[in-house]
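Asker: Below is one structure. I have some questions about it.
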Amino acid sequence: MAKYDFKKIEKKWQKEWERQSIGKAVDFSKKKKWYSLIEFPYPSGQGLHIGHIRSLTAMDIISRKRRMEGYNVLYPIGWDAFGLPTENYAIKTGVDPRVATKKNTDTFRKQLKGLGFSFDWSREVNTTDPKYYRWTQWLFLQFFKKGLAYKAEIDINWCPNDKIGLANEEVIGGKCERCGAEVEKRKKAQWMLKITAYADKLLKGLEKVDYLDEIKAQQINWIGKSEGALIDFELPDASYKIQVFTTRPDTLFGATYLVLAPEHELVAKLKNHISNFKEVEAYVKTARKETEEERTAENKEKTGVELKGVKAVNPATGGELPVWIADYVLAEYGTGAIMAVPAHDERDYDFAKKFNLPVTYVIAPYFLDEKDPPRKGMPMVFRKAVNCYIKNPKTGKYLFLEWKATSWKGPVSGGIEEGEDAVGASLREIREETGYTHLRFKRYLGSPIRADFYHPAKKENRAAEFIGLLFELEDETREAVEDGERDRHVPVWIPEEEALKFLNTGMTFFERIFEHNLCYTDGGRLVNSGKFSDMDSEKAKGEITKFVGGKKTVNYHLRDWVFSRQRYWGEPIPIIHCEKCGYVPVPENNLPVVLPSVKNYQPRDDGESPLASVSSWVNVKCPKCKNPAKRETDTMPNWAGSSWYFLRYADPKNSKEFASMKKLNYWMPIDWYNGGMEHVTLHLLYSRFWNIFLHDQGLVPTSEPYRKRTAQGMILGEGGVKMSKSKGNVVNPDTIVHAYGADVARIYEMFMGPFDRAIAWDAKGIEGVKRFLWRVWDIARGEKISRTKNEKLEKLLAATVKKVGEDIEKMAFHTAVSAMMIFINAAGDEEIIPVRVWSDFLKILAPFAPHLADELWYELKNKKSVHLESWPAYDPKLLKEDTVEIVVQVNGKRRGSVFAAADAGEDEVKKAALGLPNVAAALGGAAVKKVVYVKGRIINLVM
RNA sequence: GGCCAGGUGGCGGAAUUGGCAGACGCACAGGACUCAAAAUCCUGUAAUCGCAAGGUUGUGCGGGUUCAAGUCCCGCCCUGGCCACCA
């Protein structure tokens, strides 16, 4: 038997497909278009990564299936070739990045072709090609013209090791994403893209696209929209006011101080009013020096300084509030100033505790008694009441009342009478109900609790506001308890653990005794809030904002995109600085601004790009006034070229436009985009931003570029850790392809596990896939394929075609492969395989194992490639079985099974079921009370 | 701390969305072929009791709903990803 010589076969078909242009996408074809996209790879010196194959194979399978379904498919490839590794390599070795990139892309191209991907190679793009980045620069100028590209003096994240400014997104936990060095702050004029102007459109656009839910969630989180209010606090002694942003205007009555970010402009302006300005200045200085890491470190103790001599007025209460500066308030978010409500905000609470600032509770959690809710027509009585918890420090036990009638245990409690305060009322209630007289008040137990219920004894509805208090027993001195009280309940001392058990009702202060943080951050009913008291907190947000003349507003976490890099290997920003004219765009006919050759790729110690040293390139004439001027020496970030590459694929050779509207109209939007989860915030957001912007300019046909977006799971090294050179656990795809062939490599990556989940590489499993394909090969030459019928295989094939087709659409490739394995295992057992059945099997195998499928296809004397065939249909009638096995259960437990016609009635099946000896034994003569029969599946006999 | 996934044999993982838990593959064990090995093929493989027929237990833990729960509800525990002093 001829051996399956995959090396020869795969090479043969790869050549043949290239000759026949199997992957060619035809502009303006009459067929329906389909655009599949994968994230174009960064051509690193290490060559293709095993992880690339997963995503590329998945979209190759989908693209090949679409072609068979009659679509005109665009499945393009290119190189995202600007980037730090190549530049760092240039710095180290002096090798021109262009040379390294050429070498790397050649390697990648060869590897990808060796895997049999059906790309349209005629549309290959390369972000470092001046013919490409000419248009990246042109697109930047469109942003500039609309005022969406601007230069700003900002604090940038500076990596002292890479000597490069980093976008916020490239700082991970205060460290440089690339090299891990501690990031510093540095002021620098940077080009910015105003992505924040598109925050709402980026959010809205998500509603109409089909992205995985987790991808949408991450984008929504990243944009971080929050609705709130701007509220002004007057500073009566100075003629300034402090504007704060808050999402909780309902807590305004509980604001007990204000906090400014250390960088807030008012700090300097208030200098003359601040009596401790030296201290303040010193604090500002340290705060500025701190790295992001230090400033945001977990569990960091709150720090801050009061602006002594400055007082603000709470516009709701008229009360005077101290003003502080503290680094827990961020200058870049909101107004850089907050109103602090320690009772209802964790951070403010921590700060208030540390600096001994007052805590005023204004929101009470609200409970409606479900067992005894307020009744219609009954009067509603509002009462303030106390819940008293008394600890005996000698025994550690707590005092409760056990009610004689119900044996229900609860705290000493009662209403606050006219003229009493909570502590006074408590002492009175404790004395009356338990007799203890010597108690020390310890503290309040957090926010009050509001509850509405019906009081059956008093025949009235109650709206109660409970206040929790903790007391300690000083000594055991007791008075006699009145008869009336003594008849109803007895005082009992109970240890903590036991009390926690019976008080587990949700409406108790007791747990709060053991909590150090008594801040309540949820909604509820307002208390201590003047005329707003008892209002629902959601409603109060609007009402209180209106009351103090505040303004409803929306804030985003999303920040503008820092678009400057002081690096060599990127697109030069096409701007000329002229003293007279300012920032002047390079005229369009002078594009591209080509990267000049340099001797030294190292960024300069002054933080400028190496381009700044090329004076012949830097010094130019102003395009407007012709006076001497200088080129911008910053380059664009890595993300620039990838923000629009999918548009270029539609029209990759166009020298007049970035892409013609006509072609974009035909190809856009992308029907299915698959890539890594690591790119679903930044790259996806940036490229959507560019596309939406270009759509607004009338330059692209759709607002959203991607109709559907999915993501594959990462392939990890053996043992479940990330593959990396340093760990030495990198699997080279070439080894697999050489040892097993491209088809095995492709299928194995699909078969390893669910496509969207991370999975550890395990070389052992690959043998199973090899056996599967070799079995296919062996069956093909086993002289079984004939014109004779085989009903069993025909039925199985129909089910397999259905399953494989549906699984591909769900990206459940592993179960699709499993279904084909089941088919092959069955086919191996059969004497006869009808030609039609075998043909159809090869068709569904073709997207997965394109080489083997085509080889076997031509063996069937076909004249054209299997990849030009149509995707097989199946006869739904073949999926229906006439006779089915019905599981028989007794009381839900399996006791056997019976075979019956698929549409058999209950009586018939029941009779057959009762005939089973096991069933009779399980019933033991007992009568069947109930029968549950699910047609074609199960019958359950209930005794 | 927030958001999102996920927890099923020795391992990767299936389970038509409430209807036979463990498909398919790996690994392992036994057998066939072979002088032998590899390859290939056949058989077995959740745990447990039993010679067997068969029984019992079993999908992270504790409750609940249901004739029936891996799947639904309530309360926890653990793992992974992203974000994180965003007011």
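Asker: Working out 0.36 nm times the residue gap between A:ASP875 and A:GLU418, then minus their Cα-Cα distance, what length gain in nm do you get to one decimal?
Answerer: Here the segment from A:ASP875 to A:GLU418 would lengthen by 156.1 nm.
Asker: Please report the Cα spread of the stretch A:545-689 along all three principal axes, rounded to whole Å, starting with the longest.
Answerer: Principal-axis extents of the Cα atoms in the stretch A:545-689, largest first: 56, 52, 33 Å.
Asker: Enter the accessible area per residue of chain A (Å², integer; probe 1.4 Å; all protein chains in place).
Answerer: Working: 43590 Å² over 943 residues.
Spelled out: the 1.4 Å probe surface of chain A, per residue, equals 46 Å².
Asker: HN-Hα J couplings of the stretch A:731-739 from phi, Karplus 6.51/-1.76/1.60, θ = phi - 60°, integer Hz, Gly and Pro as x?
Answerer: Each residue's phi maps through the Karplus curve to give 9, 8, x, 4, 4, 5, 5, 5, 7 Hz.
Asker: Once the dipole of chain A is set up with Lys and Arg at +1 and Asp and Glu at -1 on Cβ about the Cα centre, which of A:ALA499, A:LEU202, A:TRP672 lies farthest towards its positive end?
Answerer: A:TRP672
Asker: Okay, next question. Between A:ASN729 and A:ASP5, what is the label-to-label distance in nm when each label sits 7 Å out along the Cα-to-Cβ direction?
Answerer: 3.9
Asker: Next up: Just to confirm the filter: which GluC sites (Glu not before Pro) across the stretch A:350-435 are DSSP coil and have at most 13 other Cβ within 10 angstrom of their Cβ?
Answerer: A:GLU370, A:GLU417, A:GLU418
Asker: Moving on to the next point. Using just the Cα positions, wrap the stretch A:1-126 in a convex hull and report its mean projected area in square nanometres, one decimal place.
Answerer: Its average projected convex-hull area is 9.7 nm².
Asker: Please identify the GluC sites (Glu not before Pro) of the stretch A:575-609 that satisfy two criteria: DSSP loop assignment and at most 14 other Cβ atoms within 10 Å. Which are they? All intermediate terms of the calculation are to be shown ahead of the outcome.
Answerer: On the way: sites: A:GLU579, A:GLU588, A:GLU608; in loops: A:GLU579, A:GLU608.
Passing both the DSSP loop test and the Cβ count: A:GLU579.
Asker: Less than 20 Å from a label point 7 Å out along the Cα-to-Cβ axis of A:ARG19: which backbone N atoms in the stretch A:829-872 qualify, by residue?
Answerer: A:850-869
Asker: At q = 0.16, 0.21, 0.28 Å⁻¹, what log₁₀ I(q)/I(0) does a Debye calculation on the Cα points of the stretch A:362-406 give, no solvent, two decimals?
Answerer: -0.83, -1.05, -1.11
Asker: Let me ask something additional. Taking Rh as the Kirkwood radius, which is the inverse of the mean 1/r over Cα pairs, what is the Rg/Rh value for the stretch A:241-360?
Answerer: Rounded to two decimals, Rg/Rh equals 0.93.
Asker: With loop defined by DSSP as not H, G, I, E or B, and exposure as at most 14 other Cβ atoms within 10 Å, which is the longest segment of chain A clear of exposed chymotrypsin sites (Phe, Trp or Tyr not before Pro)?
Answerer: Details: sites that count: A:PHE28, A:TRP408.
The answer is A:409-943.
Asker: Measure of size requested: the Rg and Dmax of chain A, with Cα atoms as the atom set and Å as the unit; please supply both.
Answerer: Cα-based Rg and Dmax for chain A come out at 37.0, 109 Å.
Asker: Something else: Just want the answer: with Cβ charges of +1 for Lys and Arg and -1 for Asp and Glu, which residue in A:LEU439, A:ALA480, A:ASN461 is farthest toward the dipole's positive end in the stretch A:437-489?
Answerer: It is A:ASN461, whose Cα lies furthest towards the positive end.
Asker: Could you work out how far the C-alpha centroid of the stretch A:55-123 sits from that of the stretch A:876-943, in angstrom?
Answerer: The distance from the Cα centre of the stretch A:55-123 to that of the stretch A:876-943 comes to 58 Å.
Asker: So how strong a dipole does chain A carry about its Cα centre when Lys and Arg Cβ are +1 and Asp and Glu Cβ are -1, to the nearest 20 debye?
Answerer: My answer is approximately 4220 debye.
Asker: Too long at a 19 Å Cα-Cα cut-off: which of A:LYS204/A:LYS225; A:LYS11/A:LYS725; A:LYS208/A:LYS803?
Answerer: Checking Cα-Cα distances, A:LYS11/A:LYS725; A:LYS208/A:LYS803 exceed 19 Å.
Asker: Next question. Which of rounded, prolate, oblate describes the stretch A:633-710, given a ≥ b ≥ c as roots of the alpha-carbon gyration tensor eigenvalues and a/c under 1.5 marking rounded, otherwise prolate only if a/b is larger than b/c? Spell out each step's value before the answer.
Answerer: Details: a/c = 1.69, a/b = 1.15, b/c = 1.47.
Judged from the Cα gyration tensor, the stretch A:633-710 comes out oblate (a/c at least 1.5, b/c at or above a/b).
Asker: Sticking with this structure for a sec: Looking only at chain A, where both bridge partners belong to it, what percent of the DSSP beta bridges are antiparallel (to the nearest 5)?
Answerer: Of the beta bridges lying entirely in chain A, close to 70 percent run antiparallel.
Asker: Taking the Cα centre as origin and putting +1 on Lys and Arg beta-carbons and -1 on Asp and Glu beta-carbons, what dipole magnitude results for the stretch A:377-432, to the nearest 20 debye?
Answerer: That gives the stretch A:377-432 a dipole magnitude of about 380 debye.
Asker: At a Förster radius of 60 Å, what calculated FRET efficiency corresponds to the Cβ-Cβ distance of A:ASN590 and A:TYR858, to the nearest 0.05?
Answerer: So the FRET efficiency works out to roughly 0.65.
Asker: If we count every other residue with Cβ under 15 angstrom of A:GLY728's Cβ, Lys/Arg +1 and Asp/Glu -1, where does the sum land?
Answerer: +2
Asker: Run through all the Cα pairs of the stretch A:401-530 and give the fraction in each 10 Å bin from 0, expressed as whole percent.
Answerer: With a bin width of 10 Å, the distribution comes to 10, 37, 40, 12, 0.
Asker: For A:ARG567, what residues show an amide H to amide H distance below 5 Å, using hydrogens built from the backbone and excluding near sequence neighbours?
Answerer: A:THR635
Asker: Taking the stretch A:387-471, which trypsin sites (Lys or Arg not before Pro) meet the DSSP loop condition and have no more than 11 other C-beta atoms within 10 Å? It would help to have the intermediate numbers written out before the result.
Answerer: Details: sites: A:LYS391, A:LYS394, A:LYS397, A:LYS404, A:LYS409, A:ARG428, A:ARG431, A:ARG440, A:LYS442, A:ARG443, A:ARG450, A:LYS458, A:LYS459, A:ARG462; in loops: A:LYS394, A:LYS404, A:LYS458, A:LYS459.
Sparse-neighbourhood loop trypsin sites (Lys or Arg not before Pro): A:LYS394, A:LYS458, A:LYS459.
Asker: Here is a further query. Quick one: with all protein chains in place, what share of the accessible area of chain A is carbon or sulfur, to the nearest percent (1.4 Å probe)?
Answerer: So the carbon and sulfur contribution to the accessible surface is 50 percent.
Asker: Right, something else. Grab the beta carbon distance between A:PHE514 and A:LYS187, set R0 = 60 Å, and tell me the FRET efficiency rounded to 0.05.
Answerer: Numbers: r = 48 Å, r/R0 = 0.79.
The formula returns an efficiency of 0.80 here.
Asker: At what distance in nm do the modelled label points of A:GLU657 and A:ARG775 sit from each other, each positioned 7 Å from its Cα along Cα→Cβ?
Answerer: My value for the distance between the label points is 5.4 nm.
Asker: Could you check the simple spin-label distance between A:ARG894 and A:LYS459, using points 7 Å along Cα→Cβ, in nm with one decimal?
Answerer: 6.5
Asker: I would also like to ask the following. Which value, in debye to the nearest 20, gives the size of the charge dipole of the stretch A:725-828 about its Cα centre, when Lys and Arg are +1 and Asp and Glu are -1 at the Cβ?
Answerer: 220
Asker: Further, regarding this structure: What full-extension length gain, to one decimal in nm, is calculated for A:SER615 and A:LYS789 as 0.36 nm per residue of separation minus the Cα-Cα distance?
Answerer: 54.6 nm
Asker: Something else about it: Which value in deg cm²/dmol, rounded to the nearest 500, describes the helix-derived mean residue ellipticity at 222 nm for chain A, given -39,500 (n - 2.57) per DSSP H run of n ≥ 4 and division by the residue count?
Answerer: Working: 29 runs with 306 residues, N = 943.
About -9500 deg cm²/dmol.
The values are calculated or read from the model by the stated rules, or taken from the named source; none is laboratory data. Fair warning: this is a prediction, and the values are worked out from it, not measured in the lab. Every residue, glycine among them, receives a Cβ derived from its backbone with ideal geometry; neighbour counts consider all protein chains shown. Remember, those area values only see protein heavy atoms, side chains included, never the ligands or the DNA or RNA. Shrake-Rupley method; radii C 1.70, N 1.55, O 1.52, S 1.80 Å.
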